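Structure, as structure tokens:
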Amino acid sequence: MISSPLMTVMVDAVRKAARGLKRDFGEVENLQVSRKGPGNFVSAADRKAEEVLRDALMRARPGYGLVLEENGIIEGQDKSHTWHVDPLDGTTNFLHGIPHFAISVGLERDGQIVAGVIYDPIKDELFVAERGKGAYLNNRRLRVSGRTDLADALAAYGTPYLGRGNHPRLLREVAAVMAVTGGTRRLGSAALDLAYVACGRLDLYWERDLQTYDMAAGVILVREAGGFVTSADGATEPLASRSVASGNEILHRELVGILRKCGAA
């Protein structure tokens, strides 16, 4: 595990937020039959977790800026540092009682992501990475998958919400990837998809129409685990393009080639 003052701040913040989410997740099933429904409850859980994260991070690093899912951008006096915070990545899973969601916090310094923490509170899996210090799951050092043949690869992707994104393009992409890989999955959390690429559970992952807080922590996890992360077209940084393609060097290159062909269709 990485031991540094910065990592201590980030890990403490996500663990504090996780306590409320775990408690609230246990209530979701009861809300399915209520007249009001679970939607407002989940929004409240999301906001509460974000408040805990914001307060903990601002107290530890008072000058840093924040990009928050619920409360947008908070400018900091320190213009070099920005937290990218997603208090509940996988909201739809949470809403339906599916135990696959995470808290994600990434730190940007002078335009580069330098640290990230993704915590899955249900499985008690803590993914951490700091630039130049590697990536870890709990106390185990992570490496991306070593598979080099698409036919053996497991690929994950993200789907845009109703009314957003380019659904026809995604369907072309999924069909093309399904035709050459060992399997495809839609798991419902961008942060965990990237974490799973970092630890070799997934060989590939791509998605468009993301926000910076969805992927900031995951980007550095994959890179510190020896993987490659770019925009979906392979040309730019993921945070700038709001899209991501990730995997080991060989499979990432193959994936980007497939996505480019689908975009040109």
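Structural remarks
- Flag for Glu207 being out of contact with any Cys (no Cβ under 8 Å at 6 or more places or on another chain) and either surrounded by fewer than 23 Cβ atoms within 10 Å (Cβ to Cβ) or touching a residue at least 24 places away in the same chain (Cβ under 8 Å) (or both): yes
- Residue among Ala198, Ala217, Ala225 that alone is under 15 Å from Val128 (Cα atoms) and touching a His at 6+ places or on another chain (Cβ under 8 Å): Ala217
- Of residues in the range 138-147 being within 17 Å of Val229 (Cα to Cα) and of a type outside the set (Ser, Thr, Tyr), the one surrounded by the most Cβ atoms within 10 Å (Cβ to Cβ): Val144
- Exclusive hit being under 14 Å from the mean Cα position of the chain (by Cα), assigned to a strand (DSSP E or B) and of a type outside the set (A, V, I, L, M), set Ser80, Ser104: Ser104
- Members of the range 4-48 that are modelled with pLDDT of 85 or more, open to solvent by 20 Å² or more (accessible area, probe 1.4 Å) and not aliphatic (A, V, I, L, M): Pro5, Thr8, Asp12, Arg15, Lys16, Arg19, Lys22, Arg23, Phe25, Arg47, Lys48
Yes/no matrix, rows are residues, columns are (1) closer than 23 Å to Phe25 by Cβ; (2) surrounded by fewer than 24 Cβ atoms within 10 Å (Cβ to Cβ):
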| site | (1), (2) |
| --- | --- |
| Thr91 | yes, yes |
| Gly97 | yes, yes |
| Glu125 | yes, yes |
| Val128 | yes, no |
| Arg131 | no, yes |
| Tyr136 | no, yes |
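- In the range 99-115, the residues that are closer than 18 Å to Gly188 by Cα, surrounded by 19 or more Cβ atoms within 10 Å (Cβ to Cβ) and not β-branched (Val, Ile, Thr): Phe101, Ala102, Ser104
- Residue pairs whose Cβ atoms lie under 6 Å apart, sitting 6 or more positions apart in sequence or on different chains, and linking a residue in the range 233-255 that is closer than 13 Å to Ala156 by Cβ and among the aromatic types (Phe, Trp, Tyr) to a partner that is exposed (fewer than 14 other Cβ atoms within 10 Å of the Cβ) and modelled with pLDDT under 95, do not occur here.
- Within the range 165-189, considering residues that are hydrophobic (A, V, I, L, M, F, W, C), in contact with a Ser or Thr (Cβ under 8 Å, 6 or more places away or on another chain) and touching a residue at least 12 places away in the same chain (Cβ under 8 Å), the one surrounded by the fewest Cβ atoms within 10 Å (Cβ to Cβ): Val174
- Any hit, the range 127-148, residues being over 16 Å from Arg223 (Cα atoms) and of a type in the set (A, V, I, L, M, F, W, C): no
- Of all residues in the range 148-164 being loosely packed, with under 14 Cβ neighbours inside 10 Å and more than 18 Å from the chain's Cα centre (by Cα), the one that is nearest to Arg208 (Cα to Cα): Arg164
- Of all residues in the range 66-122, those satisfying the criterion of being touching a strand residue (DSSP E or B) at 6+ places or on another chain (Cβ under 9 Å), β-branched (Val, Ile, Thr) and over 16 Å from Gly20 (Cβ atoms) are Val67, Ile73, Ile74, Thr82, Ile113, Val114, Val117, Ile118.
- Residue satisfying condition, being hydroxyl-bearing (Ser, Thr, Tyr), under 19 Å from Leu88 (Cβ atoms), surrounded by 19 or more Cβ atoms within 10 Å (Cβ to Cβ) and modelled with pLDDT of 95 or more, within set Thr212, Thr230: Thr212
- Residues of the range 240-265 that are under 28 Å from Arg140 (Cα atoms) and open to solvent by 30 Å² or more (accessible area, probe 1.4 Å): Glu249, Ile250, Arg253.
- Flag for Ile118 being open to solvent by 20 Å² or more (accessible area, probe 1.4 Å), at negative phi and assigned to a strand (DSSP E or B): no
The values are calculated or read from the model by the stated rules, or taken from the named source; none is laboratory data. Note that the structure is predicted; figures quoted are calculated from it, not measured. Every residue, glycine among them, receives a Cβ derived from its backbone with ideal geometry; neighbour counts consider all protein chains shown. Accessible surface is based on the protein model in full, side chains and every heavy atom, while ligands, DNA and RNA are left aside. Shrake-Rupley method; radii C 1.70, N 1.55, O 1.52, S 1.80 Å.
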